[in-house]
Amino acid sequence: MIKRDNRIYLNREWQYSDQFEEKMVTAMQAEATTVELPHTVEVLPYNYFDESLYQKCVCYQRKIAYTDEMREKRVFLVFEGVAHYAKVFLNGSLLCKHANGYTAFEVELTQYMKEAPDNLLTVMVDSRENLNIPPFGKVIDYMTYGGIYRDVYLEVREKTFLSDAFIYATNVLDKPKLNVKPTFSGQTEGMELEVFLKKEDNWESLGSADAKNNTEFVADVNGVKLWSVDEPNLYEVKVVLSQEGTIIDQITDTIGFREAIFKEDGFYLNGEKLKIRGVNRHQSYAYVGYAMPKSMQKYDAQLCKKQLKVNGVRTSHYPQSQYFVEECDRLGLLVFTELPGWQHIGDEAWKAQACRNVEEMVMQYRNHPSVILWGVRINESIDDEAFYTKTNQIAHTLDATRQTSGVRFIEKSQLLEDVYAFNDFSHMGDNAGCKRKVEVTPDPKKGYLISENNGHMFPTKAFDDERHRVEHVKRHAKVLDDVASQEDIAGSFTWCMFDYNTHKDFGSGDRICYHGVMDMFRNPKQASGVYASQQDDEVYFDVVSTMDIGEHPAGNLGEVYAVTNADSVRLYKNEIFIKEFCRKNTPYMHLKHGPILIDDFIGEQLVEVEGMPKQKADEVKQLLLYVGKYGMTNLPAKAKLLAAKLITIRGMKFEDGVNLFNKYMGNWGGTVTTYRFEAIKDGNVVGTIVKGPVFDIRLDTKVSHTVLLEEETYDVAEVHICARDQNGNTAHYFQEPLRLHTSGSVSLIGPDVISLKGGMGGVYVRSKGTGDGSLLIESDRFGVQEIEFTVTKGRSR
């Protein structure tokens, strides 16, 4: 999308009708509801609802005033996202149809506007899933929602203007060049095109050319810093069309100087090999589906980079908000974006629309430096040589600077693109984390990446039992570890960032797929720590167990992991030092910071307290640890042999072992043990976690932002809620209800009574005018907690 400074946002004062009738084309409806954009056709429950609720044909209307500024000019109306089929009428005339719910479109109003304040704009929006357009035609593993859910704005342009400008960098590792491919509407005779680059707050002219003859502008640039995942340097570029010194049109965009390429042996950014560690993201939210404003779109990108600490995101399974991708540009997130669709390929008309979708996707997102790969196949579809030859050609024709790919679930599928992307769901918990590249791709000379993994292979809720949550952590660690071990795999995008609503044909029966490393409110599940710990910018530390033996079958704790980027972890039981665990204690040696296995809860106590000789103590400890891990009835053969040795040779009695186990390991029926874990980095304690009996529960809240900005439209803040014990640990089985009240300049999105799920929950608060406002969170157990907000006017993008 090219950007002009003169956008007139039309996100307010829309009249919404829950059904469309032909008479609405010529008359404003009196019974309509006033709404603001982004808007959803149906506010939905959190779960257990019928997806037919949002499938309807509806009407949006508003008045557009003619102004003196429009005289002798051309007036355009831009929709950034309408789900899914739209017809746009002005003063009774049909102006355009658009059949893609995930890309922008524009329509010229000039010839149809009256010089009056009451030009009637009517938009029919059809969100029914029987449309013969992508992604529809068969079952879909995500909700598709409906409504005008992104920005709408007017642009007043001269009779001749820049209709597009592809801005990109080349030769960045040697002598960087800035390239501009302009497209004009209208006559450019006698006009000049000039390009400016902003460096250190100063606009520097890179030169000019005759607009009539110019098909591509190329200029050498000096002194620019490269864009990378660690240093995402961005520069503003201004393209000016003028005639005899008078500016006719100008657009401003950002550019990042970078080289991104997939090769036989992996992915390279600016000539340096980089392993992609990413997530898949849907653009949906609880209650309102796709309809969230700028701040929430940017917030998701911030969570990817700053909380999950990943370096990439796949916009599954469609192009997503420009605000989201702009934030990826700013933060240094690599983006793999793809055309809309899920498994199904339709008839020729359907395919023709898919080709148009590819064209729109590439043209609207190609100025983003974060975008490194075009997905030109329908996700997980079968081969279709003619169709995919065409989609691949469209992408390469419109953008020769980026490679193409297409996401498959098929091994040895026909490879027309540059990169083989494979949804590798082969990991079952007790086997390899991923397949080898040579097993999957038909052309090992081309690049290869894993576009999805885990996900439906092990759905995990925040309120699942502890062993399930531990296994979730292990599976994500295993896949990441095996991807890291194979040099010719460019990286992976895990499925997926957060839980999401889905159709009746999928999920856990409640219309939710619990496939995320976060819940639907973007609260982190414990598996998210596997990703968050793969960095050294800030300390990450979590122990994936409450250490409550009653949570486990037969009171056996099973495996305990510390997920951390610290050097080591020290364990204390009832303030007695047991052992220090370090990197050699991780099964995931290819990860920078693999989860550390805490597998010794005895230490040297059998020697120091029981007075055993060292050799015997080590044997007894090993047996007790076996029992703690497997239980008495499932001991492996080596444990049974060790038990026999201790009885026959060491003279131990069975009851001696039981007493020692109760004292140092399980103690079922005895006094509960308190555990203290210390994270050690560079010899210093950088984190402490205490696990012990719960005596108190409190509510913790974290707010995305408390100053809401009314810019293009209303703003939304997210409030994360977590029940924690007195030591700060999440209370996974705390599910009590909370009552919500808002006042002043903010209001609720969704219900006013919620229950925590897995000890966590979320609330969306939206602005409704400027001033102060507050959210009250009330419960019988905790009383009232207040969060204060301020809503101010802000500047538009």
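Using C-alpha pairs below 8 Å separated by at least 6 residues, the relative contact order for segment 659-771 is 21 percent.
So if I take the centroid of the Cα atoms in segment 231-292 and the same for segment 311-376, what is the distance between those two points in Å? Cα centroid of segment 231-292 versus Cα centroid of segment 311-376: 12 Å apart. Working ranking of peptides 766-772, 714-720 by packing, defined as the average number of other Cβ atoms within 10 Å per residue, highest first, is 714-720, 766-772. Using a cut-off of 31 Å between Cα atoms, the listed pairs Lys305/Lys390; Lys614/Lys638; Lys3/Lys212; Lys474/Lys645 include Lys305/Lys390; Lys474/Lys645 as exceeding that distance.
More than 16 angstrom separation, counting every C-alpha pair in segment 120-210; what % is that? Counting every Cα pair in segment 120-210, those more than 16 Å apart make up 75 percent. Volume per residue for segment 67-109 equals 74 cubic angstrom (convex hull of Cα atoms).
Annotation: lysines with alpha-carbon distance below 16 angstrom to Lys273 (same-chain offsets under eight excluded): Lys263, Lys446, Lys592. Candidates Asn574, Cys513, Val694 compared by Cα position along the dipole of the chain: farthest toward the positive end lies Asn574, with charges placed on Cβ. Shown in residue order for segment 367-381 are the 3J(HN,Hα) couplings computed by the Karplus curve 6.51 cos²θ - 1.76 cosθ + 1.60 at θ = phi - 60°: 7, 8, x, 5, 6, 10, 7, 9, x, 10, 10, 5, 3, 6, 8 Hz (x for Gly and Pro). Solvent-accessible surface of the chain, taken per residue with a 1.4 Å probe and all protein chains present: 39 Å².
Fraction of C-alpha pairs exceeding 35 angstrom in the chain: 53 percent, rounded to a whole number. Of all aspartates and glutamates in the structure, the ones whose alpha carbon falls short of 12 Å from that of Lys138, not counting any fewer than 8 places away in one chain, are Glu129, Asp505. The H on the amide N of Tyr540, modeled in the peptide plane, is under 5 Å from the matching H of Asn565, Ala566, each at least 5 residues off or on a different chain. In the structure shown, the pairs Lys653/Lys691; Lys435/Lys478; Lys579/Lys616 are assessed against 21 Å; a Cα-Cα span above that value is assigned to Lys653/Lys691.
You can think of it this way: the chain between Arg128 and Asn222 has 28.6 nm of extra reach, that is 0.36 nm per residue less the Cα-Cα gap.
For Asn100, the residues 5 or more places off, or on other chains, whose built amide H falls under 5 Å of its own are Ala86. A cut-off under 9 angstrom between Cβ atoms defines the neighbours of Thr170, and their net charge, with Lys, Arg +1 and Asp, Glu -1, is 0. Computed over the chain, the per-residue total of -39500 (n - 2.57) for DSSP H runs of n ≥ 4 gives a 222 nm mean residue ellipticity of -4500 deg cm²/dmol, rounded to 500. Cross-link check: pairs Lys23/Lys87; Lys181/Lys238; Lys198/Lys294; Lys412/Lys437; Lys181/Lys294 evaluated at a Cα-Cα cut-off of 18 Å; pairs beyond the cut-off: Lys198/Lys294; Lys181/Lys294.
Proximity of backbone amide H atoms, modeled 1.01 Å from N, is registered between Met520 and Asp499 at under 5 Å, excluding neighbours fewer than 5 places apart on the same chain. For Arg676, neighbours were defined as the other residues whose beta-carbon sits under 11 Å from its Cβ, and their charges (Lys and Arg +1, Asp and Glu -1) total +1. Shown for the chain: the carbon plus sulfur share of the solvent-accessible area, taken with all protein chains present and a 1.4 angstrom probe, equals 48%.
Sorted on the mean count of surrounding Cβ atoms within 10 Å across their residues, most packed first, peptides 184-193, 308-317, 37-46 read 308-317, 37-46, 184-193. Here r is the Cβ-Cβ distance between Thr701 and Asp384 and R0 is 45 Å; the resulting FRET efficiency, rounded to 0.05, is 0.35. Using Cβ point charges alone (K and R +1, D and E -1), the dipole size of the chain about the Cα centre works out to roughly 1640 debye.
Evaluating 6.51 cos²θ - 1.76 cosθ + 1.60 at θ = phi - 60° for every residue in segment 584-589, the Karplus couplings come out as 5, 8, 9, x, 10, 6 Hz, glycine and proline recorded as x. Along segment 760-770 the Karplus relation, 6.51 cos²θ - 1.76 cosθ + 1.60 evaluated at θ = phi - 60°, assigns HN-Hα couplings of 9, x, x, 9, 9, 10, 10, 6, 9, x, 7 Hz to successive residues, with x for each Gly and Pro. Could you work out the local net charge near Leu234, counting Lys and Arg as +1, Asp and Glu as -1, over the other residues with Cβ closer than 9 Å to its Cβ? Summing Lys and Arg as +1 and Asp and Glu as -1 gives -1.
Computed about its Cα centre, the charge dipole of segment 3-132 is approximately 400 debye, with only Lys, Arg, Asp and Glu carrying charge at their Cβ.
The values are calculated or read from the model by the stated rules, or taken from the named source; none is laboratory data. Predicted, not measured: the structure shown is a model, and the values here were computed from it. All Cβ positions, even for glycine, are placed from backbone atoms using ideal geometry, and neighbour counts span all protein chains on display. To get the accessible areas, we keep the full protein, side chains included, count just its heavy atoms, and leave off ligands, DNA and RNA. Shrake-Rupley method; radii C 1.70, N 1.55, O 1.52, S 1.80 Å.
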